[in-house]
Amino acid sequence: MGTNGRTWLALTLAMATLAGCADDDSSEQDSDRDGVVDAMDCAPGDGTRWRFLAGHVDADLDGVGAGPSLQSCVGQRLPAGLSPQGDDCAPADASRWRVLAGLYPDVDNDGATGEGPVSACVGDTLVGYREQPGAPDCDDNAPRFAASTQLWPDADFDGIGSGEPISHCAGRDLPRGYAAVDGDCAPDDRARSTWRDYTHRDADGDGFTVPEEGRVCSGMTLPAGYALEARGLDCDDTNAAGWQERTVYADVDGDGFGSGDPVMRCTGRTAPPGYALDSVDCAPEDATLWQWRSYAHRDSDGDGDTVPEQGVTCSGAALPPGHAQWPTGHDCDDRDATVMVTWHVYPDDDGDGFGAGTRQTFCAGRQIPMGYSAVNTDCDDAAPLRWRLLAYSHRDADGDSFTAPEEGAVCSGMALPPGHATTPRGNDCDDADPSIHTTVQAWTDADGDGVGAGDAVALCTDGTVPAPWSAQGTDCAAEDTARWRQVAYAHVDRDADGHTHPEAGTVCTGTSLPEPYFTQATGNDCDDTDAARYRWTVLYPDMDGDGVGTSPRTTPCIGAQTPLGFSLKGYDVDDSDASIQEDPEDDLMVELILD
């Protein structure tokens with residue numbers, strides 16, 4: 001600040017001197033000693049200027065000005081920013097100042113030029129222009145696009161156009177509704193665009209063709225019904241049901257099987273109405289019968305059970321009633337419809353449907369005679385509710401509804417008796433005690449805080465963990481009820497001054513973090529070992545103790561008070577004298593300016 005003050009003082013005194021000199025009326029006086037008397041000098045107080053010269057403003061400092069001519073008080077030459085030449089065609093661009101004719105635009109510098117010749121404002125170089133024309137440029141602002149091409153209207157957006165073309169820059173995205181290919185034979189149909197030749201037709205769409213040459217408007221491929229190669233030789237291309245000449249037979253009863261002499265007809269997969277492809281009808285006038293079929297079993301009495309007998313009979317889709325290829329039962333008397341089954345039965349004393357004892361044989365109806373059973377698996381013929389052995393794989397001996405693995409078999413009825421199962425229900429760890437059934441993992445909880453520690457043990461319980469055990473084994477202080485979990489902290493206040501510093505870690509605690517650990521910062525303690533210091537502060541040495549210091553500045557760690565010998569201020573111009581803090585020349589300068 002002292003240096004600036006002296007500068008202002010010198011300028012003020014100089015202005016005062018010039019003002020005093022202005023009072024001299026001598027016509028021969030040359031105040032600035034530039035060789036021109038004050039009366040003729042346009043700047044009598046400035047030895048570098050003494051005459052008026054005309055110049056144009058040269059804002060871009062390219063040596064050529066623009067605008068009206070201005071008279072300026074100068075010395076030997078016009079200063080920078082003024083020029084005797086005033087025809088700058090680009091006053092704000094130092095790279096351009098002259099107009100040159102016969103040029104061709106090439107803004108994108110790709111060698112292709114726009115329309116010309118033109119006159120343009122340029123400098124030493126012809127940036128954006130060329131002296132000779134290049135290939136025509138369809139977009140002189142993008143070097144990627146130069147050559148023009150033609151596009152045709154594409155109303156159906158199939159990629160092939162038709163109609164009056166327009167000019168387009170090659171490489172640009174095609175405008176919507178135009179295509180680069182001409183010749184759409186169906187401009188309003190997106191599915192058709194190209195004339196394609198064909199040599200075969202399938203007019204009825206049966207998949208078989210006849211020779212025919214022509215041209216059809218199509219898409220990428222020929223449409224259905226047109227082909228370049230033969231597919232069969234259709235005997236009737238007007239009827240999709242017929243395409244090949246085949247031998248058929250008259251089918252009088254319409255059952256799909258014919259008879260008589262063969263004839264030729266144009267057919268498809270099936271014969272035409274009134275004809276059949278096969279000639280094996282054994283009953284030409286009965287639509288329910290058409291083929292000879294063999295049988296191996298007969299049911300003469302119509303009771304539904306057969307006896308072995310081989311032969312052939314005129315049939316339809318199936319053998320007629322009373323004839324069968326496979327046995328149905330085994331009729332023990334095919335002359336009596338009321339008896340047909342040979343029963344091998346066992347006495348059923350308890351009437352539960354399961355017998356036991358010696359087997360007996362009867363020819364009877366479809367029902368087993370009363371008091372007998374066809375099954376001899378009754379494991380207890382004296383108990384009607386138990387008749388079969390059922391396997392089990394799990395037991396519930398103590399009746400607590402939890403099972404233990406055990407395989408065996410028990411005499412039962414429709415279902416296993418209580419205490420037996422084929423699927424597990426839990427895994428009873430003690431099937432002799434109904435009060436316990438579930439194995440749990442537990443840890444010793446020595447301090448009773450609900451969280452255990454040490455090695456896990458397996459306990460057979462009622463499903464809960466009993467005291468003094470815990471279902472958790474993460475206690476970080478097994479003998480302290482106030483601490484049981486590790487909690488993360490991010491800040492510490494070890495000197496208890498109310499200011500923390502960053503430090504990440506974990507500590508064994510209870511519901512909350514203990515001091516001096518915190519998750520949120522309070523200040524930014526620069527020394528957490530000293531409660532009297534907690535902040536960084538910029539200080540200046542104050543040797544004279546006047547409350548204002550000077551350089552060099554320091555940034556020590558301090559507390560609430562500024563230490564002796566230092567100050568928060570740093571502009572003392574004399575730190576050895578407590579009475580001086582500011583430069584007196586600055587005060588003099590201010591007084592002079594105010595006066």
Every residue from region 432-470 that is of a type in the set (D, E, K, R), surrounded by 14 or more Cβ atoms within 10 Å (Cβ to Cβ) and not in a loop (DSSP other than H, G, I, E, B): none
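One line per residue, one yes/no per condition, for (1) outside any strand (DSSP E or B); (2) over 39 Å from the mean Cα position of the chain (by Cα); (3) surrounded by 14 or more Cβ atoms within 10 Å (Cβ to Cβ):
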{"position": "H168", "(1), (2), (3)": "no, no, yes"}
{"position": "R196", "(1), (2), (3)": "no, yes, yes"}
{"position": "A203", "(1), (2), (3)": "yes, yes, yes"}
{"position": "G207", "(1), (2), (3)": "yes, yes, no"}
{"position": "V216", "(1), (2), (3)": "no, yes, yes"}
Criterion violated by D575 - all others in (1) part of a loop (DSSP other than H, G, I, E, B); (2) touching a Ser or Thr at 6+ places or on another chain (Cβ under 6 Å); (3) at pLDDT 85 or above; (4) not β-branched (V, I, T) satisfied: (3)
In region 477-506, residue nearest to A453 (Cα to Cα) [restricted to those that are assigned to a loop (DSSP other than H, G, I, E, B) and acidic (D, E)]: E479
Unique residue being at pLDDT below 90 and part of a loop (DSSP other than H, G, I, E, B) when the list is T221, T270: T270
Positions within region 471-512 being hydroxyl-bearing (S, T, Y) and either within 30 Å of N524 (Cβ to Cβ) or surrounded by 18 or more Cβ atoms within 10 Å (Cβ to Cβ) (or both), in sequence order: Y489, T500, T506, T509, T511, S512
Meets criteria (surrounded by 15 or more Cβ atoms within 10 Å (Cβ to Cβ) and among the charged types (D, E, K, R)) for R366: no
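Against the definition (closer than 30 Å to P143 by Cβ, at pLDDT below 90 and in a loop (DSSP other than H, G, I, E, B)), how does D62 come out, yes or no? Write out each step before concluding.
On the way: closer than 30 Å to P143 by Cβ: yes; at pLDDT below 90: yes; in a loop (DSSP other than H, G, I, E, B): yes.
Yes.
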A287, sole failed condition from (1) within 24 Å of D253 (Cβ to Cβ); (2) surrounded by fewer than 16 Cβ atoms within 10 Å (Cβ to Cβ): (2)
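It is to be established whether one or more residues within region 159-166 are of a type in the set (A, V, I, L, M), part of a loop (DSSP other than H, G, I, E, B) and buried (at least 17 other Cβ atoms within 10 Å of the Cβ).
yes
Select from region 500-531 the residues that are closer than 17 Å to R483 by Cβ and among the acidic types (D, E) and list them in ascending order. Don't jump to the end; show me each part of the working.
Step one: of region 500-531, the residues closer than 17 Å to R483 by Cβ are 505-517.
Scanning region 500-531 gives a single hit, E515.
The values are calculated or read from the model by the stated rules, or taken from the named source; none is laboratory data. Not measured: the values here are computed from a predicted model. Every residue, glycine among them, receives a Cβ derived from its backbone with ideal geometry; neighbour counts consider all protein chains shown.
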